[in-house]
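The values are calculated or read from the model by the stated rules, or taken from the named source; none is laboratory data. It should be emphasised that the depicted structure is a prediction, and the values quoted were computed from it without experimental measurement. Because the Cβ atoms are built from the backbone with ideal geometry, glycine has one as well, and the counts that use them run over all protein chains shown.
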Amino acid sequence: MSYEIPKFPLGDIIEAGINFFTEHFSFVTQAISNFTESGYDGVVEFLTTLPPSVVVLVITAIAIYLGGLKLGLFIEVGLAFCYNLGLWFPTIQTLTLVIIATFVAVSLGLPLGVLGALSKVFYRIIMPVLDFMQTMPAFVYLIPAIPFFGLGVVSAMFSTVIFSMPPAIRLTILGIREVPVDLIEAADAFGSTRMQKLFKLQLPVATTTIMAGINQTIMLALSMVVIAAMIGAQGLGGVVWKAIQRLEPGLGFEGGVAVVILAMVLDRITQRIGEKTKTS
Amino acid sequence: MKIEAKNLIKIFGPNPDYALDMIKKGAGKTEVMEKTGHTVGIYDVSFGIEEGETVVVMGLSGSGKSTLIRCINRLIEPTSGEVTIEGENIMGHDQHELRELRRRKFGMVFQNFALFPHRSVLRNAAYGLEVQGVPKDEREEKARETLSMVGLEGWENQMPAQLSGGMQQRVGLARALAVDPDILLMDEAFSALDPLIRQDMQDELIKLQERVHKTILFITHDLDEALKIGDRIVLMNEGMVVQTGTAEEILTAPASDYVERFVEGVDKSRVLTAQAVMRRTRAVGFANDGPRTALHRMKEAGISALFVVKRDYTLIGVVSAEEADRETGKGKTLQDICRPVENMVGREEPLNNLIPVLAETSQPVPVVDEQDRLLGVIVKGSLLGGLAEAGGR
């Protein structure tokens, strides 16, 4: 074709950008990398030096406090099964990764969500960004993470945070926007400032929805942590990844079941936290 | 004037100034709607409320009454016009001044209660003080006080969702009263309640008002409620004021066909007062008159008993023809021989309260003013006549 349009160099642009970033900001990414990695290692080491029975009992106790005996029993049996499969160490690794990633994602996502709910301009900016983040295939996040943070757990965490943050932001925005107009009006009529309205009315009323968002974030983080095994996250994802490479369906299934158990434990516990905040 | 609204106009739409220009050039509501797509919420509304007065703004849905009450504390920004509170024009207030004004002067009660669902009854009632920065102990004590005033003692730690509608609105009322505002804005405050509870709340508001003497702006679509609560009523239709006046003025002298049709269905016995149906007394006996004079007056007026009054018409008793006849020639005055009156009524007494009084006696019932001065009498016939006349209008 004589009127061929040259290919738009999207890939080149992105690569140039990432190269520029790694070249000039490597000291920042290095610092983040070191800090995160030592934090992660510390937590994993702490949790694995404790006898597994103690960890299981503590989590069970939390579950009983939040959801009653039945939930506690279910969680106790589930975690004990993970131990029984010989997957205790990777389970702890994955749990730690999920918790840290969720913590980072929520502490970034919550303020962004509040901003999105209060500012129309910011809302218009962040909504397409969120759509982009959520529809982009998760694997793509893995690639730029490597030049920034190298192969390993920090890259995994970075892509996990990005992948799991959108629901925290979205549901925070939704929760705050859902606060009934007449309540807002009442708060205004009594002369509340913007901040008073936010902290005394909007955030407390939105808590249930925000907790649902955090729950979603945890679930997404867990699913990403498995994918991130491809760039060196260890844990249960690593077990599954190894099984794929060696074509060992039995090992892969064991790893998968452990992931499912962990998912259910985290899901039930965070759901109960959501309910608790609603009734109190 | 505590509150004064002058020529308030509120136009909803993307370009209200353009629509406002049209109005100022004399265009009507429908014309503006058709040509620009803007809705005129309220249109040239003016009225005033005196200190301690209860004014009810009354209109059907879409009449602009809810918009109006929100313009008073600028929850809705009027497109043009002026609101003055104690002579101070609040249209120029910035956000800070406005917030201070709302904190100091206004307490607001909402149709659907608008209680904060995550706060206990006590913390709901304390909200207004909380945003003012009043320390916890102090504000909770004040909230407790106010809650017991509205009859919610012992319910402080419940959550709003655990309360019935009537009780929820008591919390709403307590929340408004806790900040000790001069002005209560009540937006359809009782409209969401069951009829019986609504009447209780109305009675309670009237009783409360006798104690607290707030300036109240009350919005309702229920004419009976307006007539019961309001010292004065502002009747609205399609964003405009159609009549302002006391309940009796609106009922007896409707300003337009609209008002007349509106008030047709009202139970007038609740609104008409004793004074409206009484007859002027045709004859009285004075304290120093003798029995013979009394008999003469009775004969002249064709009645069988005579009310006895002092020179300034203060009622002191009643004397019948037989009693006067018996005491004639003994040198006594009417003051000596009259019996005290058992069932006199005040002039503001609603008619439906008179019915049981009249059922008990065959005698005419005297109507007196606040100083017990005789104004007139009501006999069964005049009551029925009054009701028939009012009902037939």
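For region A:14-59, enumerate the residues that are among the aliphatic types (A, V, I, L, M), in a helix (DSSP H, G or I) and over 20 Å from A:F149 (Cα atoms).
Residues satisfying the conditions are A:L47, A:V54, A:V55, A:V56, A:L57, A:V58, A:I59.
Here is a list of conditions, (1) within 41 Å of the chain's Cα centre (by Cα); (2) more than 14 Å from B:V377 (Cβ to Cβ), and B:I303 meets all of them except one; can you say which number that is?
(2) is the only condition that B:I303 fails.
If you scan region A:203-241, which residues turn out to be among the hydrophobic types (A, V, I, L, M, F, W, C) and within 14 Å of chain B (Cβ to nearest Cβ)?
Across region A:203-241, the qualifying residues are A:L203, A:V205, A:A206, A:I210, A:M211.
Which residues, counting only those in region B:92-117, are touching a residue at least 12 places away in the same chain (Cβ under 8 Å) and over 28 Å from the mean Cα position of the chain (by Cα)?
B:H93, B:L98, B:F116, B:P117
How do the strands (runs of 3 or more DSSP E) wholly within region B:1-87 filter down when requiring 1 or more residues that are within 14 Å of B:V234 (Cα to Cα) and hydrophobic (A, V, I, L, M, F, W, C): which remain?
Where strands (runs of 3 or more DSSP E) fall fully within region B:1-87 and carry at least 1 residues being within 14 Å of B:V234 (Cα to Cα) and hydrophobic (A, V, I, L, M, F, W, C), they are B:3-12, B:39-49, B:54-58.
Take B:L147 and decide whether it is more than 13 Å from chain A (Cβ to nearest Cβ) and either touching a Leu at 6+ places or on another chain (Cβ under 9 Å) or hydrophobic (A, V, I, L, M, F, W, C) (or both).
yes
Give me the residue from region B:121-141 that is away from every other protein chain (no Cβ under 14 Å) and assigned to a helix (DSSP H, G or I) and, out of that set, surrounded by the most Cβ atoms within 10 Å (Cβ to Cβ).
It comes out as B:V121.
Looking at the structure I just gave you, is A:A186 free of Cβ contacts under 8 Å to residues at least 24 places away in the same chain, assigned to a helix (DSSP H, G or I), surrounded by 22 or more Cβ atoms within 10 Å (Cβ to Cβ) and not aromatic (F, W, Y)?
Yes.
What number goes with the only condition from (1) within 9 Å of another protein chain (Cβ to nearest Cβ); (2) charged (D, E, K, R); (3) under 18 Å from the mean Cα position of the chain (by Cα) that A:R170 does not pass?
Only one criterion in (1) within 9 Å of another protein chain (Cβ to nearest Cβ); (2) charged (D, E, K, R); (3) under 18 Å from the mean Cα position of the chain (by Cα) is unmet by A:R170, namely (1).
Before we move on, is B:R104 in a helix (DSSP H, G or I), of a type outside the set (A, V, I, L, M) and under 23 Å from B:F218 (Cα atoms)?
yes
Here's the yes/no breakdown for (1) free of Cβ contacts under 8 Å to residues at least 40 places away in the same chain; (2) under 25 Å from A:S159 (Cβ atoms):
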residue	(1), (2)
A:F20	yes, yes
A:T29	no, yes
A:I32	no, yes
A:P52	yes, no
A:G68	yes, no
A:L73	yes, no
A:F81	no, no
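Of all residues in region B:32-71, how many are within 14 Å of chain A (Cβ to nearest Cβ) and among the small types (G, A, S)?
Qualifying residue count for the region: 1.
B:G62 - would you say it is over 24 Å from B:V131 (Cα atoms) and not β-branched (V, I, T)?
yes
Answer yes or no: is there a residue in region B:158-174 that is more than 21 Å from A:V179 (Cα to Cα), touching a strand residue (DSSP E or B) at 6+ places or on another chain (Cβ under 9 Å) and in the same structural domain as B:V40 (by TED's automatic domain parsing).
yes
Return the residues of region B:109-120 that are of a type outside the set (D, E, K, R) and facing chain A (nearest Cβ under 10 Å); say none if nothing qualifies.
If the condition is that a residue be of a type outside the set (D, E, K, R) and facing chain A (nearest Cβ under 10 Å), then B:V109, B:F110, B:Q111, B:N112, B:F113, B:A114, B:L115, B:F116, B:P117, B:H118 are the ones that fit.
What residue, of A:F148, A:F199, A:F139, is within 14 Å of chain B (Cβ to nearest Cβ), of a type outside the set (A, V, I, L, M) and either assigned to a helix (DSSP H, G or I) or over 30 Å from A:G39 (Cβ atoms) (or both)?
A:F199
Go through region B:24-42 and give me each residue that's touching a helix residue (DSSP H, G or I) at 6+ places or on another chain (Cβ under 7 Å) and either closer than 16 Å to B:S63 by Cα or crowded, with 21+ Cβ neighbours inside 10 Å (or both).
Passing the criteria: B:V32, B:H38, B:T39, B:V40, B:G41, B:I42.
Just wondering, is there one or more residues in region A:74-93 that are part of a loop (DSSP other than H, G, I, E, B) and among the polar types (S, T, N, Q)?
No, region A:74-93 contains no residue that is part of a loop (DSSP other than H, G, I, E, B) and among the polar types (S, T, N, Q).
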